[in-house]
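The values are calculated or read from the model by the stated rules, or taken from the named source; none is laboratory data. Quick caveat: nothing in here was measured; it's all calculated off a predicted structure. No Cβ is skipped: glycine too gets one built from the backbone with ideal geometry, and neighbour counts run over all protein chains shown. Please note that ligands, DNA and RNA were not included when accessible areas were found on the heavy atoms of the full protein model with its side chains. Shrake-Rupley method; radii C 1.70, N 1.55, O 1.52, S 1.80 Å.
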Amino acid sequence: MRLEGWLETPAIVALPDQHRSPTARRKAQELLRRDGAVKVFFIEFQRTARTSSQRIADQFGTTLNAAISEMLEQGLDEAHAWEALGSYFQGLNAQDAQPDLRSLTATAIGHGIQVLAADMDYDQARAVLKEQNLSEVNLFLSTGLTIRDTSAASLIAKYLHSATSLETGRLMLWGVNHFTENVAFSTYCDTRLQILLAQHGLAVHVATDDEMAP
């Protein structure tokens with residue numbers, strides 16, 4: 001079944017993103033531009049991301065997720081959304097492939113699609129590591145990924161379980177290592193993101209390279 005077919009089911013369609021490769025990002029953009037195919041788009045960006053511009057904050061709201069909802073309410077087109085989103089997406093890696101998360105979020109807004117930045121706040125994740133007296137402080141290695149993904153899965157599940165019109169059209173763009181590296185070893189649990197989402201009752205289809213190919 002093609003990804004368009006998977007989007008017609010309750011499964012979350014997860015596009016594993018290699019940040020410096022455009023493959024998953026271009027597929028996300030293609031799906032976002034298909035009328036009615038996507039209803040909600042989850043991205044790997046801190047949910048607490050804020051604008052540095054008071055003018056933008058006064059117009060759309062302080063935090064990214066609130067701003068996205070306001071832009072959708074106002075019916076911003078893709079170009080105006082891209083312009084308004086700039087100060088919320090500070091910190092994006094300039095070496096990441098295009099289209100970047102700012103552009104994809106603008107595309108979604110221009111097509112009336114709700115976007116949810118669902119990654120855990122990095123400062124909060126570091127605090128959890130410290131509280132647990134863990135020696136690993138890298139948020140991008142196994143323990144850090146587990147803490148972040150556990151939080152993200154909980155947020156996404158709460159969001160979808162409370163939604164009344166998002167039974168299908170669920171798309172996610174997330175780093176490939178969140179789906180492949182946190183595998184079960186010995187007594188350690190399998191904490192891949194799709195497993196954590198499944199524990200919340202959410203089916204996930206992780207797209208293959210062939211499914212994402214042009």
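With (1) in contact with an Asp or Glu (Cβ under 9 Å, 6 or more places away or on another chain); (2) free of Cβ contacts under 8 Å to residues at least 12 places away in the same chain; (3) not acidic (D, E) as the list, and Q54 as the residue in question, which single condition is left unmet?
It fails just one condition, (1).
Which of the residues spanning the range 141-190 are acidic (D, E) and modelled with pLDDT under 85? Quick ask: steps written out before the conclusion?
Keep residues of the range 141-190 that are acidic (D, E), which gives 149, 167, 181, 190.
E181, D190 - these are the residues of the range 141-190 that are acidic (D, E) and modelled with pLDDT under 85.
Of everything in the range 125-161 that's farther than 19 Å from I12 by Cα and touching a residue at least 40 places away in the same chain (Cβ under 8 Å), which residue is surrounded by the most Cβ atoms within 10 Å (Cβ to Cβ)?
Step by step, filter the range 125-161, then rank; the result is L145.
Could you say which residue among T168, T164, T105 is within 18 Å of the chain's Cα centre (by Cα), closer than 27 Å to M71 by Cβ and open to solvent by 30 Å² or more (accessible area, probe 1.4 Å)?
Values: T164 fails: within 18 Å of the chain's Cα centre (by Cα); T105 fails: open to solvent by 30 Å² or more (accessible area, probe 1.4 Å).
Sole residue among the options that is within 18 Å of the chain's Cα centre (by Cα), closer than 27 Å to M71 by Cβ and open to solvent by 30 Å² or more (accessible area, probe 1.4 Å): T168.
Please determine whether any residue of the range 196-214 is modelled with pLDDT under 90, out of contact with any His (no Cβ under 6 Å at 6 or more places or on another chain) and on the phi < 0 side of the Ramachandran plot.
Among the residues of the range 196-214, at least one is modelled with pLDDT under 90, out of contact with any His (no Cβ under 6 Å at 6 or more places or on another chain) and on the phi < 0 side of the Ramachandran plot, which makes the answer yes.
Tell me which of these H19 doesn't satisfy, since it passes every other one: (1) part of a loop (DSSP other than H, G, I, E, B); (2) within 19 Å of L155 (Cβ to Cβ).
Just one mismatch for H19, condition (2).
Which of the residues belonging to the range 32-43 are open to solvent by 30 Å² or more (accessible area, probe 1.4 Å) and either without any contact (Cβ under 8 Å) to a residue 60 or more places away in the chain or within 13 Å of the chain's Cα centre (by Cα) (or both)?
R34
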